[in-house]
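Working notes, beginning with the structure itself.
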Amino acid sequence: MYVFFISLNNQFSHTLSKNNYFSRIITVFHERTAPEEGYLVGYGALLQFYELAVPLPDRLAIISRKHKHYETEMWKVFTPRHKPEDTLMGHLTFALKYEGIELGLLKKLFQKTGPEEITTIITNEPTGQYSRKIWFLYEWLMDINLNLPDLTAGNYIHLIDETLQYAGKAEPSKRHRIRNNLPGTKEFCPLIRRTPMLEEIIQLQLSQKVNNLVAKIHPDIMARTASFLLLKDSKASYAIEGERPPVTRAQRWGRAIGQAGKKPISKDELIRLQQMVIDNPRFIKTGWRTQGGFIGEHDRRDGTPMPDHISAKWQDLPALIDGLIAMNQKMEEDEIFDAVLAATMIAFGFVFIHPFADGNGRLHRYLIHHVLSRKGFVTPGIIFPVSAIILERINEYRKVLEHYSQPRLDFVKWKITDDHNVEVLNDTIDLYRYFDATKQAEFLYSCVRQTIEVTIPEEVDYLERYDQMKIYLDNHFEMPDKTVALLVRFLQQGNGKLLERARTKEFQELKIEEIQAIEAQFSEIFLNKII
């Protein structure tokens, strides 16, 4: 359980100004150490005061007693002049202005405040930009209309501040005179913060970069590169799950990845894809889960579940998957929204929901390919070996998954079932609907960048060198393709030298001077050395 730095007396009213809450100084908040002493403000103050049962935002805000304004990985530090009014409206305004929108936290807050306090805030300043945002968010999240008349005057304002978070296509709300630019829907809407790392990578215009790269490569080389990357990605996707499938199975899943983007995502399509992943359904029920689920181990002594991640309640799956599909459709129709960010929200959202008993990880990585293809990020036929890159960076990948999962374990109440599974006892749907996907976006974008700047050029370069070596062997020895492939593989294993075993067995027909000539040619082509 999280430890409160400040305990609140239950007899206190939930009126911030009556408690002089702002004057409280913290150095540690929910086991998170602040970079210096400061006054907790914004979402942190609201979470603490109302004792909201939600994961901490990735970053919190404090007011320094010094005149410093800076940011760390988990904190935003402001100067005393940024001090908000010590009221619900003051801290909400500060949060929306400087911290962005935290949908899950706001919904929990609105459940605590009830409609009266929110109505009072809006009545006091009905045309203010932040009161209008609060008004819209309350009605959107709570799915009720407050007893307030529609606005008839005032300029429209965007709901998401695009200097803080990435926004979707705006849809006007006449009642609030708000342009709703949330990227998702009420049923499913993760958000991504605008960070220096993401801004730097987005400015590289990697989509244009890879298309320019492909245009310069001979079509035959590019086709062989794509084929290799496809199989590589399929094998790696199984390896991430600790499996070593037969080549035919990996090839079949590779063909499915190659078709990513051809069909729209639907419930039926997701089930079809899962059936392709599951080779033997005798022991695994395909289709949507009809019981609880978790990722983790069982205690060896008594079989007690030891979850690292608890899947969404199976009763919530229809609403969550409908929401995810609706958001995916919305992303496809939004020509401006970044393709990799869209892939992050859809693919990671899917794996966090974990709707199937098995196959979730592979479908999660398939969805990355699907969204990139549907959003036109790359030339058709080009597959990013995302799974291969993830396998290389498996520890980083696990940390990205844990960044979402671990903080949420404290807010899921569960009991052990007779078959040593978990049964979730409380309402958890919003933990999967609304989350900050920034860490996942940074990881995925870095994988895409590595693929474009390193993996594809390296594979193209290898195939071009291989073709040079093949031409030499064809011209001088008339070797069949299989023999050429075997010879090159042996030379690579020997770092340019043909090992004694190969000399005396597979290539015993070659003379010493022929072997030396082949080694010299290989070193010049592959190792950039002249012997």
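The values are calculated or read from the model by the stated rules, or taken from the named source; none is laboratory data. All values reported here derive from a predicted model rather than from experimental measurement. With ideal geometry, Cβ positions are generated from the backbone for all residues, glycine too; neighbour counts draw on all protein chains shown.
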message = Out of Val422, Val488, Val412, I need the residue that is crowded, with 18+ Cβ neighbours inside 10 Å, β-branched (Val, Ile, Thr) and not assigned by TED's automatic domain parsing to the domain that holds His218. Which one?
response = Val488
ask   = So Leu230 fits all but one of (1) in a helix (DSSP H, G or I); (2) touching an Asp or Glu at 6+ places or on another chain (Cβ under 9 Å); what number is the exception?
value = (2)
request  = Give me a count of the residues in segment 64-77 that are over 25 Å from the mean Cα position of the chain (by Cα) and at pLDDT below 95.
outcome  = 7
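State yes or no: is Lys169 touching a residue at least 24 places away in the same chain (Cβ under 8 Å), surrounded by fewer than 22 Cβ atoms within 10 Å (Cβ to Cβ), out of contact with any Ser or Thr (no Cβ under 8 Å at 6 or more places or on another chain) and part of a loop (DSSP other than H, G, I, E, B)? Don't jump to the end; show me each part of the working.
Values: touching a residue at least 24 places away in the same chain (Cβ under 8 Å): yes; surrounded by fewer than 22 Cβ atoms within 10 Å (Cβ to Cβ): yes; out of contact with any Ser or Thr (no Cβ under 8 Å at 6 or more places or on another chain): yes; part of a loop (DSSP other than H, G, I, E, B): yes.
Yes, satisfied.
Scan segment 176-188 and give yes if some residue there is basic (Lys, Arg), closer than 29 Å to Asp316 by Cβ and part of a helix (DSSP H, G or I), otherwise no.
Here is the first cut: in segment 176-188, the residues basic (Lys, Arg) are 177, 179, 186.
Next, from what is left, pick out any that are closer than 29 Å to Asp316 by Cβ: 186.
Filter once more, so that each one left must be part of a helix (DSSP H, G or I): none.
Within segment 176-188, not a single residue is basic (Lys, Arg), closer than 29 Å to Asp316 by Cβ and part of a helix (DSSP H, G or I).
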task = Within segment 381-431, count every residue that is assigned to a helix (DSSP H, G or I) and of a type in the set (S, T, N, Q).
result = 4
query = Which one is surrounded by the fewest Cβ atoms within 10 Å (Cβ to Cβ), of the residues in segment 33-60 that are touching a Leu at 6+ places or on another chain (Cβ under 9 Å) and assigned to a loop (DSSP other than H, G, I, E, B)?
reply = Glu51
query = Tyr43 passes all but one of (1) under 25 Å from Glu187 (Cβ atoms); (2) in the same structural domain as Trp135 (by TED's automatic domain parsing); (3) not acidic (Asp, Glu); which number fails?
reply = (2)
task = Look through segment 229-253, keep the residues that are among the small types (Gly, Ala, Ser) and surrounded by fewer than 20 Cβ atoms within 10 Å (Cβ to Cβ), and return whichever of them is modelled with the lowest pLDDT.
result = Gly242
ask   = Considering segment 465-497 alone, what residues qualify as being in contact (Cβ under 8 Å) with a residue 24 or more places away in the chain and among the β-branched types (Val, Ile, Thr)?
value = Val488
Selected residue (criterion: modelled with the highest pLDDT) from residues of segment 118-130 that are buried (at least 17 other Cβ atoms within 10 Å of the Cβ) and under 21 Å from Leu52 (Cα atoms) = Ile118
task = Check off (1) buried (at least 20 other Cβ atoms within 10 Å of the Cβ); (2) of a type in the set (Val, Ile, Thr); (3) more than 33 Å from the chain's Cα centre (by Cα) for Ile160 and give me the number that stays unchecked.
result = (3)
note = Residue pairs within 9 Å by beta carbon, gap of at least six or interchain, first lying in segment 302-320 and hydroxyl-bearing (Ser, Thr, Tyr), second surrounded by fewer than 17 Cβ atoms within 10 Å (Cβ to Cβ), listed first then second, are Thr304/His298; Thr304/Ile416; Thr304/His420; Ser311/Ile295
request  = Could you check, for segment 317-327, whether at least one of its residues is over 24 Å from Cys447 (Cβ atoms), assigned by TED's automatic domain parsing to the domain that holds Arg433, over 19 Å from the mean Cα position of the chain (by Cα) and part of a loop (DSSP other than H, G, I, E, B)?
outcome  = no
task = Kindly establish whether Ser237 is of a type outside the set (A, V, I, L, M), within 30 Å of Leu320 (Cα to Cα), assigned by TED's automatic domain parsing to the domain that holds Ala441 and in a helix (DSSP H, G or I).
result = yes
inquiry  = Between a residue in segment 84-107 that is on the phi > 0 side of the Ramachandran plot and any residue that is assigned to a loop (DSSP other than H, G, I, E, B) and among the charged types (D, E, K, R), which pairs come within a Cβ distance under 8 Å, given they are 6 or more apart or on different chains?
reply    = Gly100/Asp161
message = Restricting to segment 430-485, name every residue that is surrounded by 20 or more Cβ atoms within 10 Å (Cβ to Cβ), among the β-branched types (Val, Ile, Thr) and modelled with pLDDT of 90 or more.
response = Thr438, Val448
ask   = Got a number for residues in segment 246-272 being closer than 15 Å to Ile325 by Cα, assigned to a helix (DSSP H, G or I) and either touching a strand residue (DSSP E or B) at 6+ places or on another chain (Cβ under 9 Å) or of a type in the set (A, V, I, L, M) (or both)?
value = 3
